[in-house]
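Remarks on the structure that follows.
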Amino acid sequence: MTDIIPLKDHTAGPMNINVSMTLSSLNGFDAVSGQIDISASMYLVWYDEVIEDQYLDSLITIGETLEVLMDYDKAWAPNIVLVNAVDTVKDIGDLSYMLRYTMVRESSTKKYVKVDWQPRMLLRASCTPDVTYYPFDRQVCDFTYTAWGYYSSEVKLNVMLSEWDTSAAEDNGVWRIIS
């Protein structure tokens, strides 16, 4: 993976990365240890200004769109970590996930390269249990992420949706997902 953030001007502000989450399954919640285990995927979107400047004019003509899959280790992708992980702090995603580059040239002056990436992950996070109304308790668990190794002036994570997408989540025999 390349380490250079694909911005034309690094002094103009951070690389903005839009993030949303999709829950696949709630694998377990331990009220004694205060940890939750889930399967999920993270959807990240950003714009690559370097490829836009260097290659877009020679790759596509006006009105065209080109989609390319690129290996994770051949292009820049942010180092995202779950801050409140229980087991270890490790990067989200790995070499098995491709980056999708969507190159668009709308006119002679308007062009862009959108990059999206959707790594799946197994997460074990700390979650303070609330058993006030046991056995009818409700748990609220936060998953806190950061762009690891970057200053806030270099990379900024923007939440696209305040709620996780739970529409495809598998049922859990013990817990019911409300939101």
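Read the figures in this text as sums done on the coordinates, not as results from a lab. Quick caveat, the model's predicted, so the values are computed rather than measured. Don't worry about glycine lacking a Cβ; one is built from the backbone with ideal geometry, like all the others, and counts go over all protein chains shown.
Okay, here's what the table says:
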| item | result |
| --- | --- |
| Region 45-110 - charge dipole about Cα centre, Lys and Arg +1 at Cβ, Asp and Glu -1, debye rounded to 20 | 100 debye |
| Ellipticity estimate at 222 nm from DSSP helix runs (n ≥ 4, -39,500 (n - 2.57)) divided over the chain, nearest 500 | -1000 deg cm²/dmol |
| Bridge type composition, the chain - antiparallel percent by DSSP, nearest 5 | 85 percent |
| Cβ crowding within 10 Å averaged over residues, with 57-70, 37-50 ranked highest first | 37-50, 57-70 |
| Sites matching trypsin sites (Lys or Arg not before Pro) across region 106-179 that sit in DSSP coil, with at most 12 neighbouring C-beta atoms within 10 Å | Lys110, Arg138, Arg176 |
| Mean-position separation - Cα centroids, region 2-71 and region 76-135, in angstrom | 7 Å |
| Simple Cβ-charge dipole of the chain, Lys/Arg +1 and Asp/Glu -1, about Cα centre, in debye nearest 20 | 160 debye |
| Chymotrypsin sites (Phe, Trp or Tyr not before Pro) within region 121-168: DSSP coil, no more than 12 neighbouring Cβ in 10 Å | Tyr133, Phe136, Tyr151 |
| Greater than 19 Å apart at Cα, pairs in Lys111/Lys156; Lys8/Lys110; Lys74/Lys111; Lys8/Lys111 | Lys111/Lys156; Lys74/Lys111 |
